[in-house]
Every structure is written in structure tokens, then in C-alpha cells.
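Worksheet for the structure shown next.
The values are calculated or read from the model by the stated rules, or taken from the named source; none is laboratory data. Here the structure is a predicted model, which means the values were calculated and not measured. Here the Cβ is made from the backbone with ideal geometry for all residues, glycine too, and neighbour counts use every protein chain on show. With ligands, DNA and RNA removed, areas are computed over all heavy atoms of the protein, side chains included. Shrake-Rupley method; radii C 1.70, N 1.55, O 1.52, S 1.80 Å.
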Amino acid sequence: PGMIAQPIGGGGGAVWRYRTTETVSAVTASSFFSNGAALGMAHGDAVHVVSVSTAGAFADTAWCSVSVVTAGAGATVLTLTSTTP
């Protein structure tokens, strides 16, 4: 994922974007973002997930929230909203 906005003064609340050919449900698997801690993801950060087909066509989008960050490891997100065409 790439951070697209961060709060002034830190403390969580950053916004991330992640484009993938994975399904939104796959992205919500435990520690899906295996480098989440190293990237600086924090509990409560928002993640905009955009799922596309292998041909690049839109498949699904979801707003997720980082629910768990394991020190030195991954981050887990949960789905807040999802839109499937």
C-alpha cells in the first residue's frame, strides 16, 4: 500500500491506497500486509482498497480500517464499506 495522507503530529489516522488483483476479502486476511509495521501502518488508519481484474478492469472497491499491527511484522485490515459493480 501507499500512504496518500497523514495526520499532522502523528498518532494514527493516515490514509492508504492499495490497488490489487486480489479480492477485497483476500486483503482482509490476517497480516495480509506483511510489511505493514515497516511501512508505518497504525491501528485506525484507513485503507482504500481497489480491486481490478488481471486485465485492469474495475472489480470492487472498499474502505477498510487497520485493526491490528504486529510489531516487526504485518497489518490486518477489516472492511468498513464495499462496492461491487
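A few comments on the model shown:
- Out of T79, T61, T70, T54, sole residue that is touching a residue at least 40 places away in the same chain (Cβ under 8 Å) and of a type in the set (S, T, Y): T79
- With respect to being assigned to a loop (DSSP other than H, G, I, E, B), of a type in the set (A, V, I, L, M, F, W, C), over 9 Å from the mean Cα position of the chain (by Cα) and exposed (fewer than 15 other Cβ atoms within 10 Å of the Cβ), A42 falls outside the description.
- Extreme residue, modelled with the lowest pLDDT, among residues of segment 1-26 that are within 19 Å of T83 (Cα to Cα) and aliphatic (A, V, I, L, M): V24
- The set of residues in segment 3-39 being more than 14 Å from A62 (Cβ to Cβ), open to solvent by 40 Å² or more (accessible area, probe 1.4 Å) and within 11 Å of the chain's Cα centre (by Cα) consists of M3, S31.
- S82 meets the conditions (1) in contact with a helix residue (DSSP H, G or I) (Cβ under 9 Å, 6 or more places away or on another chain); (2) assigned to a loop (DSSP other than H, G, I, E, B); (3) open to solvent by less than 80 Å² (accessible area, probe 1.4 Å) in every case but one. The failed one is (2).
- Residue within segment 46-61 that is part of a strand (DSSP E or B) and of a type in the set (D, E) present: yes
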